[in-house]
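What follows is a set of notes on a single structure, which appears directly below.
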Amino acid sequence: MKQAAFLNRLAKEERERRDLAPWARFSAESAGRREPEAIDPMRTVYERDRDRITHSTAFRRLMYKTQVFLNEEGDHNRTRLSHSLEVCQVARSIGGALRLNEALCETLGLAHDLGHPPFGHRGERALDDLMADHGGFRHNAQVLRVADQLERRSPDYRGLNLTCEVRAGLLKHEADRDWPEDLLPRHPRPCLEAQVVDLADSSAYNKHDLEDGLLAGMFQEEDLRAESSLWRRAEAQVNERHPGFLAADGDNKLRVSRVTNEVLGICISDLIESSQLALDEAQPTDAEAAQQHGSMLICHGTEIAREVAELHKFLYQHFYCHEHLERFLTFARKVLDGLWTTLRAAPDELPEWYQNWAQSEGLERAVCDYMAGMTDRFALREHERLVGPLPGGFTPLSASTRP
């Protein structure tokens, strides 16, 4: 019988068995979905999950959701969508080098921020406060609400009906109360692919927060040179590769991009090398054994871990707590508080689907789900329509004088 020239699902599963490490998650060994479905002849289960996420409404909305800056503050600033694509790329680089399941890494990287509300982490803090008496709000838990309940793709089931491995990987470190019964008992550690995505996430946002913060004038390269060993290491490597480039006056954007790319490259290389050492030492027999291990096996080495922690401290002090972003937090709280108060008092303003959703979930959780799905610009428009003029006291960077 002539073998098919293309790679169908069976051929891909055979390739996984041949090429992946024994501690990787194998597609053919998936625990399956909550609602059984016919097997796809071409795609593995994790490729199918990836495609469902990519074509979901929640994924498209990430284009207009804040990463750090309000969407209108610049065309080149990161959004939740561009961040998710960057995380996906970093995760595939690390996962592929470690012979893990790249499709699972890709799926988790694309989906990890689906639960973020408008206005980024500032919107998350505001919604958590508003929901304090109703179970709170946590974006990782909200990811699974989106995937399991809020997305609508089939009349046969709620949500996207993703595999158990993807659903568990999205919850990561959430409390037991956020884990559905069908995913219990939970493992002590996430699967290795989820561990990869966790550190790909922090590596990607370190890189782009440095770039966005520098280009917005919130801190200077001199500050980084004085307080970040990782920045100095990256500059040294750029100087070695491009002698005289950093000392020359010229293209500031190119200089910042070159050094921040080097920061990311250092982190990726260290994660690959240090994680392989940890795996070689631990020698888990399979994916289950890796999740039962006493510590995370995807990790930085001691030296780079210290430098990354030092960089996190710098960004927290100079960027995340910058007065502009503190004013943004106050603005986001006022916008979301106005919407929350109005929608609770007038639930008929909710779309019909969410009005019906409130019958089973309760009004507060239904309002929260609706608001969490909003993009920045939709939340602002709805505030103006339902509440009134937007709160004062915050001027987007695009309309202010940049340093």
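Rule-based calculations on the coordinates, nothing more; no lab input. Quick caveat, the model's predicted, so the values are computed rather than measured. Positions of Cβ are generated from backbone atoms using ideal geometry, with glycine treated the same way; all protein chains shown enter the neighbour counts.
In this structure, the amide hydrogen of ASN101, modeled 1.01 Å from its nitrogen in the peptide plane, lies closer than 5 angstrom to those of ARG25, counting only residues at least 5 positions away or on a different chain.
Here's the list of lysines a cross-link from LYS334 could span, going by alpha-carbon distance under 26 Å and ignoring same-chain residues fewer than 8 apart: LYS65. For the range 320-403, the pair-distance distribution built from all alpha carbon pairs, in bins 10 Å wide starting at 0, is 16, 44, 25, 12, 2, 0 percent.
Mind ranking 10-19, 166-175 by how tightly packed they are, going by the mean number of other C-beta atoms within 10 angstrom, highest first?
Values: 10-19: 13.5, 166-175: 20.5.
Order by mean packing, descending: 166-175, 10-19.
Listed peptides 145-151, 220-226 appear in the order 145-151, 220-226 once ranked by packing, highest mean of other Cβ atoms within 10 Å at the front. When only alpha carbons of the chain are considered, Rg and Dmax amount to 22.4, 73 Å.
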